[in-house]
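**Student:** Quick one: the structure is below, questions incoming.
What follows draws every value from the coordinates through simple rules; no lab data is involved. Keep in mind that this is a model prediction, so the values were computed, not measured. Glycine also receives a Cβ, built like all others from the backbone with ideal geometry; neighbour counts cover every protein chain displayed.
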Amino acid sequence: MVENRMIAEAEGLLEKLGVESAPIPVDRMAESLGIRIVYKPYEDGDDVSGMLYRGNGQPVIGVNSAHHIHRQRFTIAHEIGHFLLHEGKMYVDTPTVRFRDSVSGLAIDDEEIEANGFAAELLLPRKFLERSLDGLFKRKVRDRKGIVEKLSSEYKVSSQTVEFRLKNLGVLLPE
Ligand SMILES: [Zn+2]
């Protein structure tokens, strides 16, 4: 059920902005939702990837600009997921703690998993992926690493995200 909603929200955004090819402009998407993006290098202390804050004023997504651009894009997509799917006033995301916040408990973990799922839907839309994979197979890209790398640079997401996404969609790649 949640998955259907994630897909619908992600596809709605793509349609609204008339996006027809990769890379997906996640920053413009956030802006179209009335969210302000603030880039800031969080270099010391906790390894923060990003955050979403919605108080009384304009909602804000904070992005760690010290991170690789692929990670920044994933962070923005993840925070858009929180914004569209969840009620919380503030989310602070770190790459490692994201899944195990013992204080906040299971409900929070569910929200993190959903936000990650949404980010994958948004950054690697299934319709676009089918086309890209078709193109790669036509160009006779046969090796797994080659396929993942091509998709990673086309969509501007990390190769881990590509791998995760393809596995989730049940796309079988050559070993
Ligand atoms: Zn999160």
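**Student:** Once you have the Kirkwood Rh of segment 125-175 from its Cα pairs, apply Stokes-Einstein at 25 °C and 0.890 mPa s and quote D in µm²/s. Before the final figure, lay out each step's value.
**Tutor:** Details: Rh = 10.8 Å.
It diffuses with D of about 227 µm²/s by this estimate.
**Student:** Between K138 and V2, 0.36 nm times their residue separation minus their Cα-Cα distance comes to what?
**Tutor:** Result for the pair: 45.5 nm of gain on full extension.
**Student:** Can you put T75, T94 in order of Cβ neighbours within 10 angstrom, beginning with the fewest? Please report the intermediate quantities before stating the final value.
**Tutor:** Details: T75 25, T94 15.
Placing the least packed residue first, the sequence is T94, T75.
**Student:** Where does each of S32, S49 land when they are ranked from fewest to most other beta-carbon atoms within 10 angstrom? Write down the numbers at each step before the final one.
**Tutor:** Details: S32 12, S49 24.
Starting with the residue having the fewest Cβ neighbours, the order is S32, S49.
**Student:** Taking other Cβ within 10 Å of each residue's Cβ, how do F118, F164, F83 sort, fewest first?
**Tutor:** On the way: F118 28, F164 16, F83 21.
The fewest-first ordering by Cβ neighbours comes to F164, F83, F118.
**Student:** Given a 10 angstrom Cα cut-off, can you work out which residue in N116, N56, N64 is the most mobile in a GNM of the chain?
**Tutor:** Highest fluctuation of the listed residues: N56.
**Student:** Further, regarding this structure: Do any GluC sites (Glu not before Pro) in segment 1-71 lie in a loop, going by DSSP, with at most 16 other beta-carbon atoms within 10 Å of their beta carbon, and if so which?
**Tutor:** On the way: sites: E3, E9, E11, E15, E20, E31, E43; in loops: E20, E43.
Those satisfying the criteria are E20, E43.
**Student:** Let me ask another. Given Cβ point charges of +1 (Lys, Arg) and -1 (Asp, Glu) and nothing else, what value in debye, to the nearest 20, does the dipole of the chain about its Cα centre take? Mind showing how you got there, number by number?
**Tutor:** Details: 24 positive and 28 negative charges, 165 e Å.
Its charge dipole is roughly 800 debye.
**Student:** If you don't mind, another one. Along Cα→Cβ, 7 Å out, is where each label goes; now give me the distance between the ones at E15 and E163 in nm to one decimal.
**Tutor:** Reported label-point gap for E15 and E163 is 3.5 nm.
**Student:** Can you list the equivalent-ellipsoid semi-axes of the chain, largest first and in whole Å, using the square root of 5 times each Cα gyration tensor eigenvalue?
**Tutor:** Values for the chain, descending: 27, 18, 16 Å.
**Student:** First measure r as the distance between the Cβ atoms of K89 and D109, then evaluate 1/(1 + (r/R0)^6) with R0 = 22 Å and state the FRET efficiency to the nearest 0.05.
**Tutor:** Details: r = 18 Å, r/R0 = 0.82.
Between K89 and D109 the formula returns 0.75.
**Student:** So what is the 222 nm mean residue ellipticity for the chain from helices alone, if each DSSP H run of at least 4 adds -39500 (n - 2.57) and you divide by all residues, rounding to the nearest 500 deg cm²/dmol?
**Tutor:** On the way: 7 runs with 92 residues, N = 175.
Value at 222 nm, helices only: -16500 deg cm²/dmol.
**Student:** If R0 is 45 Å, what FRET efficiency do you get for V171 and N56 from their C-beta distance, rounded to 0.05? Don't skip to the answer; put the middle values down first.
**Tutor:** Values: r = 44 Å, r/R0 = 0.98.
About 0.55, to the nearest 0.05.
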